[in-house]
Each structure stands twice: as structure tokens, then as C-alpha cells.
1. Lysines within cross-link reach of Lys125: Cα-Cα under 24 Å, excluding same-chain residues under 8 positions apart?
2. Given a 1.4 Å probe and heavy atoms of the protein chains only, how would you sort Asp92, Asp51, Asp211, largest accessible area at the top?
3. Using only the Cα atoms of the stretch 87-129, build the gyration tensor, take square roots of its eigenvalues as a ≥ b ≥ c, and label the shape rounded, prolate or oblate: rounded if a/c is under 1.5, else prolate if a/b is larger than b/c, else oblate.
4. Can you give the accessible area of Phe182 in Å² (nearest 10), computed on protein heavy atoms with a 1.4 Å probe?
5. Summarise the accessible area of the chain (1.4 Å probe, protein heavy atoms) by the percent that is carbon and sulfur.
6. Calculate log10 I(q)/I(0) of the stretch 243-314 for q = 0.12, 0.13, 0.15, 0.18 Å⁻¹, where I(q) comes from the Debye formula with a single equal point scatterer on each Cα and nothing for solvent.
7. Mind checking the per residue accessible area of the chain for me, 1.4 Å probe, whole number of Å²?
8. Ignoring everything but the protein chains, give the 1.4 Å probe accessible area of Asp17 in square angstrom, nearest 10.
Amino acid sequence: MSMNDVTESTSLDTLRDVLINKAGDVKLANRFRALFFLKSIGGEFEEKPQDAETAIHHIGQCFGDDSELLKHEVAYCLGQTKNLKAAPILRDVLSDKEQQCMVRHEAAEALGALGDKDSLDLLKKYYNDPNEMVEIKETCELAIERINWENSEAPKTEVLQQSLYSSIDPAPPLPLNDDKEFNKINKLKDILKDTSKPLFERYRAMFRLRDIGTDEACLALASGFDDDSALFKHEIAYVFGQLSNPVTVPALVKVLADTTQAPMVRHEAAEALGSIATDDVLPVLKGYLNDEDDVVRDSAVVALDMYEYENSNDIEYAAV
């Protein structure tokens, strides 16, 4: 089935079959489109609880797939549904040491996005595990802080800028402050780059700069690519995909070309370039269709599909 034929009448089982590649020959880009459609249904748990639960179940079936990129996106989408029915699935993925790091990290981040208090003990377990991978530990740290923030008085008392983006992020932006100096871009850049500060605070500065969104703010964010943390750098690249500002293209191209960067960073740079979709991006992405790293290669495929969408007349990436 072509995803161009997807309509609201498309059955959940048909979408599942596309997502899990039941036919064995479904293009990766079409599987992503089916995922985003199922994600939207999974988020309708108040209006259509049975359909939403079925969609969550169908999405969860994809964790047996071989594609690290797809499974990481599956985990992300489950967190974005706000549907707590997804939490047990994500806890299982985080606990599964056979899953790739990028997939487990995204499961932990998704639990934070859900604000799931019942996951705190598990997240603390991996955060405090001295043998755990640093990307997992850092993600668990962020998720714990995100859940604690979500369930505190802060969301009610902090004055946050109304974001242009609908995503549930690993951290909320820093609040607006009467002290104008605090919200200046150079001050936010200082917080972003200060590794002595808590990671959660640095992420909050990152998303405040995103919401400011000017060229100057984008260039301040690009300075974050000098960080040692792969997790931190991958989030900068993700934010650039949201901003879709051509001023970030040189920094993203440089990161994508740097094979010393972690695959999770390079993959996010590729997808960000697909979202920006300027003319100079197309040949760059085509150059990574045969990359030695599976995640980067698959990301180039998805990014080119996003590029085509951004330059088409389609209203939505996944028709709902």
C-alpha cells in the first residue's frame, strides 16, 4: 500500500502491517509514515480509548525489528502520545540489554515525556548503575528531572514562552524572567555550554534558545556541537530539525560528515537536513545513502523522503 493512499478509513491492522513490514518489501519511509499515523491515533485516548490502546499495542510490536532507527523512532512516538498505556512497553525496552543503546535511550526519554511517576524507580536504577552506558545514564537523569518537574508546582508557577512546537521535550525551556539579562542569548549560551551545571538546566537553556529561534540563537545552539556528550549533541541536531533554519546547514553538514561522531548524532543531523530541505541539502543527503553505519544510511533514506515532502504540496507528512 502506498502511504499516499492512507486516509482516516485506513484500518489499524493495515497500518500495523505496513509498520512491521508484514509483506517484507515495504519501504522504510512508508513504515515511518504508518508509524506517525498510528502515533496520532494512540494520542486520542480520551476520545477513542479502544482505538488508542490498539494503536499503542501495534506500535509496540515494532520493537522486534532489526532497524535501530525505526525502533528508536517508535519509542519516541510512544512518549509523544501522552498515553500511559505505553509506559509498560517502554519500561520493558529500557530494561532489555539486547536492545541497542539508541533504542533504550529513547525509551527512557519517552518515559520522561509521559511524566510517568511509576517509572522513577527504574530510571533511578539505570542512572545509578556504574556499569551503564553514559547515554543511558544521562537520559535517565533527564527523565527523572522531567517527571519531577512535571509533578511539581513549577508548571503552574513558571511563565514559559508559548512554543511554536508541539513536541514534548526532554526538558521544558527556561522560564521567562523579569531579569532581561537572564534571557539574553549570550547568557543562555553560557548556560548551554557550562558543563558544571545540571544537564537538565542546560537542556532548558537549549529549548529556550530554540523558542527564541533567531539566527543568533541558532548559532548559539550550534556551539553545543563542541560538547563531549553525544546525547547533548544529538538533541542540538534534533532542535535544528524543528527550527528548519538554513543558517544551521553548515554546522549540520559538518557533523554528518564527521565519522568520529556517534551514530546517534550523525543520524539526527541527517534528519534535520531533510527537514530544512534547501536545494543544497539534496546532494549532501544522497551522499550518505551508502554510509557504512546502518543508522546513518537509514536516516538518509528517511531524510530524503522528508525533503520530498517539504518540497511537495502535501499538507501533512502523515495524512490524518
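The values are calculated or read from the model by the stated rules, or taken from the named source; none is laboratory data. The shown structure was predicted, so the numbers you read here are calculated from the model rather than taken from an experiment. Only protein heavy atoms, including side chains, enter the accessible area calculation; ligands, DNA and RNA are left aside. Shrake-Rupley method; radii C 1.70, N 1.55, O 1.52, S 1.80 Å.
1. Lys71, Lys82, Lys85, Lys97, Lys117, Lys137, Lys197
2. Working: Asp92 110, Asp51 70, Asp211 15 Å².
Sorted by accessible area, descending: Asp92, Asp51, Asp211.
3. Oblate shape, in that a/c is at least 1.5 and b/c is the bigger or equal ratio.
4. 50 Å²
5. Exposed carbon and sulfur together represent 46 percent of the surface.
6. Those come out to -0.25, -0.30, -0.40, -0.57, one per q.
7. Working: 14610 Å² over 320 residues.
Ligands and nucleic acids excluded, the figure is 46 Å² per residue.
8. For Asp17, the solvent-accessible surface is approximately 40 Å².
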